[in-house]
Amino acid sequence: MADIKFKKSESQHILKNHGLIDTIIDKAKLKHTDIALEVGAGTGVITMKLLQKAQKVIAYESDKKLAKELMNKVNRTPDLKKKLSLVVGDALMQDFPHFDVCISNIPFNISCPVIMKLLTYNFKSAFILVQKEFGDRMTANPGSENYSRLSVMCQFVGQVEQVMKVSKNSFIPAPKVDTCFMKIEARTPRPPINIEEFDSLLKICFGRKNKTLSANLKSSPLQNKIKNLPEYSQANPDHIIDKIVEKLNFEDMRTAKMNIEDFLSLLLEFKRVGIHFDS
């Protein structure tokens, strides 16, 4: 690994603290029947430990040099090699197969899209290493500065908590920011809502989170969606939105102060009148 140059511009910070990795895997209560997912496998520091515990490990790594280093390690242990499915490519461009637990040191620059993607899958738990500031957004409450679409999505899918802070000295090269492992414990059973549709609504609501909900909903994407529905082709989209907002008594509501139940009520009311967000 000495001849590998890590790219800070691509947030390549490899964990070198083996004790910390052991602690996280212990907290994940990984079973020998579990399928583990790892996004951003790097040189395989986490991967090798997952292979010793899980039935199978599905690992993604976009950097060919790092992936080669990982395979060099795995090839020395045939029993572990047969448990690994390594995908060399962009995890965001792939459909994940079934997995039970995700344990990953995700490149910081793709933390949000990767976690949003993870949330659309059925899993038991995820332990993700992120920037401390990003972790604060995952657990933020309505009305707080860090509250965002990410907060709502993570907390809708499961219970979110910071498991532990991680020292900068635990990485090669050391990052300039504080980091932590975040845990998402998925709710059982999963809420009977289309996650991607819910997220599509949230994107509109959080367009300008400090504006009123009504102002955000009256954005051009939603207006065009309503206009294109045959039953509303002759209607004024703003009037349709106003009726929905008034029925829920959300006239003065601001997105930044709405809770998960408020967003769910909004989604269900739109669906009740035939307006969907699944495309």
Problem set entry | Cα-Cα pairs of the range 8-92 separated by more than 14 Å (percent) | 62 percent
Problem set entry | J(HN,Hα) series, the range 74-82, from Karplus relation 6.51 cos²θ - 1.76 cosθ + 1.60, nearest Hz, glycine and proline x | 5, 4, 6, 10, x, 5, 7, 4, 6
Exercise. Could you give the radius of gyration (one decimal) and Dmax (whole number) of the Cα atoms in the range 109-226, in Å?
Worked result: 15.9, 53
Exercise. If amide H atoms are built 1.01 Å from N in the plane of the peptide, which residues on other chains or at least 5 residues away come under 5 Å of the amide H of Met164?
Worked result: Phe181
For this session: May I ask you to compute the full-extension gain from Lys247 to Asn109, defined as 0.36 nm times their residue separation minus their alpha-carbon distance, rounded to one decimal in nm?
Result: 45.6 nm
Exercise. Given N residues in the range 157-279, what is Rg(Cα) / (2.2 N^0.38 Å)?
Worked result: 1.38
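Net charge near Tyr60: determine it from the other residues with C-beta under 9 Å of the C-beta of Tyr60, scoring Lys and Arg +1 and Asp and Glu -1.
Once all neighbours under 9 Å are counted, the net charge is -3.
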Exercise. Where in the range 105-210 are there trypsin sites (Lys or Arg not before Pro) that are in a DSSP coil and have at most 16 other Cβ atoms within 10 angstrom of their Cβ?
Worked result: Lys176, Arg187, Arg208, Lys209
Exercise. Convex hull volume of the Cα atoms in the chain, per residue, in Å³?
Worked result: 134 Å³
Seminar exercise, completed: Computed over the chain: longest principal axis from alpha-carbon atoms vs helix 18-28 long axis, angle to nearest 10 degrees, is 50 degrees
Exercise. Once you list every other residue whose beta carbon is under 12 Å from the beta carbon of Leu201, what net charge do they have if Lys and Arg are +1 and Asp and Glu are -1?
Worked result: -2
Exercise. Out of the DSSP beta bridges found with both residues in the chain, what percent are antiparallel (nearest 5)?
Worked result: 50 percent
Problem set entry | Vicinal HN-Hα couplings computed from phi for the range 185-202 (Karplus, 6.51 cos²θ - 1.76 cosθ + 1.60; Hz; Gly/Pro x) | 9, 5, 6, 10, x, 5, x, x, 10, 5, 4, 5, 5, 4, 5, 4, 5, 4
For this session: Quote the charge dipole size of the range 8-186 about the Cα centre in Debye, to the nearest 20; the model charges only the Cβ of Lys and Arg (+1) and of Asp and Glu (-1).
Result: 540 debye
For this session: Please give the per residue volume of the convex hull enclosing the alpha carbon atoms of the range 203-246, rounded to a whole number of Å³.
Result: 61 Å³
Exercise. By how many nm would the segment from Lys257 to Arg190 grow when fully extended, if each residue of separation counts as 0.36 nm and the alpha-carbon distance is taken off?
Worked result: 21.7 nm
Problem set entry | For the range 1-160, alpha-carbon Rg and Dmax in angstrom | 15.6, 53
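None of the figures in this text is laboratory data; all of them are computed from the coordinates on show. What you see is a predicted model, and the numbers here were worked out from it, not measured in a lab. Glycine also receives a Cβ, built like all others from the backbone with ideal geometry; neighbour counts cover every protein chain displayed.
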